[in-house]
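Below: one structure, written as structure tokens.
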Amino acid sequence: MNQTAVISQPGERTKAAGQPEKVKWSAMTSPTRITANGAFQVRVQAEIASGYHLYSTSQAPGGPVPTSITLPAGQLFWQPWPHVAAAWAAPVKTFSPEFGMEVEYHVGKMIFDLYGAAKTDAAPGAHELVIEIHYQLCDKHTCLIPETKQLRVPIEVISAEAEAQPSAKGNGAGKTVAKPGSKEAMIERLRAIMQIPDKKKREAGLWQLAADCPKSDVPYQMLANPFLARADFRAATAIYRKGLAVNPNSDALHAALLGCSAKKAPRGAKQRFIRRFPRSSYTARFLGELAAEASSPAARLNLLRRAAAVNKEDFFVSFSTLSDLCWELAIKNPAAAAKLEAAWLAKRRSARGGGDMPFYIRDAAVARTEFFVALANCDGLLKRGKAKAEVAAVEKVAAPDIPHLGVDDHDRVLLALMRAKVLAAAGKGQRAYDELISHDHLLISDEMLTAAIKLGAKLGKSRRQIEADAWQQRLSAENVVADFKVPGSRGRTIKASDYLGRILLVNTWNPG
């Protein structure tokens, strides 16, 4: 990913010499080269000085100034989806007596992600994207005057290639006039239809759109959604069949028909879909579902390899299937998972000159590569019998906390399994067993349960005892007892701890 330098807006207020800035802003785009009408992501980063905070983009009105990040009018770029910029990490929420309301604020390092697009009449060449930030900084005692800052980021518009969609003239307001019959025209019509308040007129508009765009599955999906929300699968099925009568080779409608039931789609039906549409993105999904139902790790791994081979050019499909495959590989061979993840990341970075990955996919791929490498390092020390070094290494490993995705349960399970292996090899079997037993995914992870059973057997525990220990840990974690004591009759003191294992009804009265 190419990070671009930030150039201050001329005339911007500068800080006094030697006085550090209370917040440092920078920005980058992905991709850095786009065609006219092409979309891109913008990532704005803030480094807030210690002791200060700025308020979230979702801060409610009537209090402090919320942070606003926009692409101002009057340039070749605009926001096709002018919603609030997504922030990471989540803001701190607390009640403020000074404002008399709940406030949301950020501290430390922050990122804000939003989307932009070039206008259809953007001329090829080097340009600057202008990003405007309006914010207010406060400390524990005072709030500074709200500021507006502009960042300028280089971005290049390139000539449309043969496969690029035909350009149209802009309407001067950032929006574009789509070519009749194009995908953009259909989306514009769909947006207008979904804003119709009358239900019958909206439905009639969708049927007309389906008639005018016979190769599109979207109108049928929109028509079926209200019935799916009510679990009226019969009505939804009838709509999908009407769409298939017009477009019998629509993989999207065939996939929707497979999922149009309260029950899981039969294995045979999924396999028939896979044979008919071997390159469909839905094929990757169905292969993943079949892998989850596989009877052996080898069969599961084979199905995941097949899923990863489908639609390699599609970022979202290939990333999802790659993640499933790497998690499966990492259980036995974290080095192989690290190699596969790193190879995928390198290939994506080199595609089209690099830098065209969505930010959250890039973040996840980088973080997981580092995570698998760390697990592989622990595994290598384990095989070489270096007990002290392996325990020290595994203590430093943390499951990756990925922006906008958080910590994935698969990563947590992998880390727990590695910790158990390392601790057991270092002669700390009881600690390894206790950590596995207290893990909240033990009873839903076959690999973790198998590891706990092996460790428990060495400690003289039967499978029934191990499962009982796990349930006891789960109940203790989910049913926290609030211990208290109150005066009773005849000078007796009643304590909650006296009623452990029994039902205790507490009747409270608040005279206020």
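The values are calculated or read from the model by the stated rules, or taken from the named source; none is laboratory data. All figures in this text were calculated on a predicted structure; none of them were measured in a lab. In this analysis, Cβ positions are derived from the backbone assuming ideal geometry, glycine residues included, and neighbour counts consider all displayed protein chains.
What the table shows:
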quantity	calculated
Residue 155 vs. criteria modelled with pLDDT of 90 or more, of a type in the set (A, V, I, L, M) and not in a strand (DSSP E or B)	no
Evaluation of residue 282 against (1) exposed (fewer than 12 other Cβ atoms within 10 Å of the Cβ); (2) assigned to a helix (DSSP H, G or I); (3) of a type outside the set (Asp, Glu); (4) modelled with pLDDT of 90 or more (one fails), failing number	(1)
Candidates 103, 42 - the one that is part of a strand (DSSP E or B), β-branched (Val, Ile, Thr) and closer than 18 Å to residue 128 by Cα	42
Any hit, region 36-43, residues being in contact with a Pro (Cβ under 9 Å, 6 or more places away or on another chain), modelled with pLDDT under 90, surrounded by 19 or more Cβ atoms within 10 Å (Cβ to Cβ) and aliphatic (A, V, I, L, M)	yes
Some residue of region 192-203 being touching a Gly at 6+ places or on another chain (Cβ under 9 Å) and of a type in the set (Val, Ile, Thr)	yes
All helices (runs of 4 or more DSSP H) inside region 373-440 with 3 or more residues being under 18 Å from residue 329 (Cβ atoms)	409-425
Candidate set from region 131-150 (those that are in contact with a strand residue (DSSP E or B) (Cβ under 8 Å, 6 or more places away or on another chain) and in a loop (DSSP other than H, G, I, E, B)); member that is nearest to residue 66 (Cα to Cα)	136
Residues that are in contact with a Leu (Cβ under 9 Å, 6 or more places away or on another chain) and within 24 Å of residue 336 (Cβ to Cβ), drawn from region 352-366	357, 362, 363, 364, 365, 366
Selection count where residues are part of a helix (DSSP H, G or I) and closer than 19 Å to residue 273 by Cα, scope region 212-237	2
Boolean, residue 82 is farther than 23 Å from residue 101 by Cα, out of contact with any helix residue (DSSP H, G or I) (no Cβ under 8 Å at 6 or more places or on another chain) and part of a loop (DSSP other than H, G, I, E, B)	yes
